[in-house]
Amino acid sequence: MTLPRRGSRTVIVDGVTYRWRVRTRPTAAQRTGRSPLGVAVERDDVRGATLVAVLRRLHPGSGGLERTYAVTPREVAAVVREALSAGWTPTHEGPQFAFRPASARVPSRTAEVGPPELTTEVIHELVAARTSRDTLRFGDTETLTWPGGGRYAGVRIEVSGKDLLDWVRDAERPHVERENANRGGEDPAYHLVPADYLPPPQTLRTSRELFGEVPSVEARSFVMEPSDRRLSKTTLLTCSCGVSECEFLLVRISVLPDVVVWSDFESFHRPWVYDLGPFVFDRQEYEAAFG
């Protein structure tokens, strides 16, 4: 097996460069923690045996299995060192070296944990306690073009006078800084940037998506269990690369008789807990914003 350069990443371990990638798209069982992720690793300078390791991660506070997470170069580097000690010889051709690192050896009955979710009761309590309301406004943005062709017409969304992308950027910045710090030895060109999303599409102004009536198309493109709560959320922002399933931000939209609530912001591919919202809008003003 030889890892293609396209789609794989590099990590430097004790002065040696390795190329790695998560094996195929994570399944529903892998995202929920019931089945571990598989990571393939090879030396970048020679053709030898491929390391295939399984990964699981325990939440440092609760000890439960995290439902979803991003594999970091630091984690891969630790697996490489452990596999080398266990007998992996990446400079010699041979069969794949299947390996289960110590971090993946967790009890089968370990509970799952993930981003918190507001219940209907909590949302009602929140609305009752809020004396002020947030505001929603739409505005124009410039049309984006790609070097290979194609155009994208977005829309500016302002929540209480602040661009939605700026709200998200502030919420993601500490997570991005922490993840980039964990990417020891990786080319900074591959580092994350906060709010690396396209502006919302123009269609949000005329569709019923922001009324919670259109579940995330991006989430439904993955194989997921019917009970997965993310299937009932709405896609608010998608990746700046133009491939919406690459990275996307979900939100729960609750439409009540007098208000509309945006809560439970969540990155589909990362276990970040967002310090964002909930936003509570007067329903009449909210509907009027759509013209």
Do you know which residues across the stretch 266-291 are touching a Lys or Arg at 6+ places or on another chain (Cβ under 8 Å) and in a strand (DSSP E or B)?
GLU266, VAL280, PHE281, ASP282
Out of everything in the stretch 76-90 that is in a helix (DSSP H, G or I) and in contact (Cβ under 8 Å) with a residue 24 or more places away in the chain, what residue ends up being surrounded by the fewest Cβ atoms within 10 Å (Cβ to Cβ)?
ARG81
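Look at the stretch 181-203 and say how many of its residues are outside any loop (DSSP other than H, G, I, E, B) and either charged (D, E, K, R) or touching a residue at least 60 places away in the same chain (Cβ under 8 Å) (or both).
Total meeting the criteria: 1.
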Return the only residue of PRO278, PRO271 being buried (at least 19 other Cβ atoms within 10 Å of the Cβ), within 30 Å of GLU177 (Cα to Cα) and not charged (D, E, K, R).
PRO278
Given (1) in a helix (DSSP H, G or I); (2) more than 18 Å from ARG270 (Cβ to Cβ), where does ALA219 come up short, assuming only one miss?
(2)
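Go over the candidates ARG169, ARG178 one by one and state the one that is under 25 Å from ARG137 (Cβ atoms), basic (Lys, Arg) and not in a loop (DSSP other than H, G, I, E, B).
Numbers: ARG178 fails: under 25 Å from ARG137 (Cβ atoms).
Only one candidate passes the filter, namely ARG169.
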Looking at (1) touching a strand residue (DSSP E or B) at 6+ places or on another chain (Cβ under 6 Å); (2) of a type in the set (A, V, I, L, M, F, W, C); (3) in contact (Cβ under 8 Å) with a residue 12 or more places away in the chain, which one does CYS246 not meet, given that it meets all the others?
(3)
Looking at the stretch 122-133, I want the residues that are more than 15 Å from ILE253 (Cα to Cα) and in the same structural domain as ILE253 (by TED's automatic domain parsing) and have a partner that is surrounded by 13 or more Cβ atoms within 10 Å (Cβ to Cβ) and not hydrophobic (A, V, I, L, M, F, W, C) with Cβ atoms under 8 Å, at least 6 apart or on another chain. Which pairs are those?
ARG133/ASP282; ARG133/GLU285
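Considering the stretch 147-161 alone, what residues qualify as being surrounded by fewer than 13 Cβ atoms within 10 Å (Cβ to Cβ), on the phi < 0 side of the Ramachandran plot and outside any strand (DSSP E or B)? It would help to see each step written out before you state the result.
From the stretch 147-161, those surrounded by fewer than 13 Cβ atoms within 10 Å (Cβ to Cβ) are 147-151, 161; that's our starting set.
Remaining after also requiring on the phi < 0 side of the Ramachandran plot: 147-148, 151.
Across the stretch 147-161, the qualifying residues are PRO147, GLY148.
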Checked against (1) surrounded by 20 or more Cβ atoms within 10 Å (Cβ to Cβ); (2) within 25 Å of PRO174 (Cα to Cα), VAL260 satisfies every condition except (2)
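If you check LEU237 against the conditions, is it buried (at least 16 other Cβ atoms within 10 Å of the Cβ), not in a helix (DSSP H, G or I) and not hydroxyl-bearing (Ser, Thr, Tyr)? If you could, list the steps in order and put the result at the bottom.
Numbers: buried (at least 16 other Cβ atoms within 10 Å of the Cβ): yes; not in a helix (DSSP H, G or I): yes; not hydroxyl-bearing (Ser, Thr, Tyr): yes.
The answer is yes for LEU237.
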ARG230 part of a loop (DSSP other than H, G, I, E, B), of a type in the set (D, E, K, R) and buried (at least 17 other Cβ atoms within 10 Å of the Cβ)
no
Which count do you get for residues in the stretch 191-207 that are of a type outside the set (S, T, N, Q), more than 16 Å from LEU250 (Cβ to Cβ) and surrounded by 13 or more Cβ atoms within 10 Å (Cβ to Cβ)?
5
Considering only residues of the stretch 118-153 that are polar (S, T, N, Q) and more than 29 Å from VAL280 (Cα to Cα), which is modelled with the highest pLDDT?
THR143
State whether one or more residues within the stretch 253-276 are more than 24 Å from ALA153 (Cα to Cα), in the same structural domain as GLU125 (by TED's automatic domain parsing) and in contact with a Ser or Thr (Cβ under 6 Å, 6 or more places away or on another chain).
yes
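The values are calculated or read from the model by the stated rules, or taken from the named source; none is laboratory data. Bear in mind the structure is a predicted one, so any value in this text is a computation, not a measurement. Cβ coordinates were reconstructed from backbone atoms using ideal geometry, including for glycine residues, and neighbour counts include every protein chain displayed.
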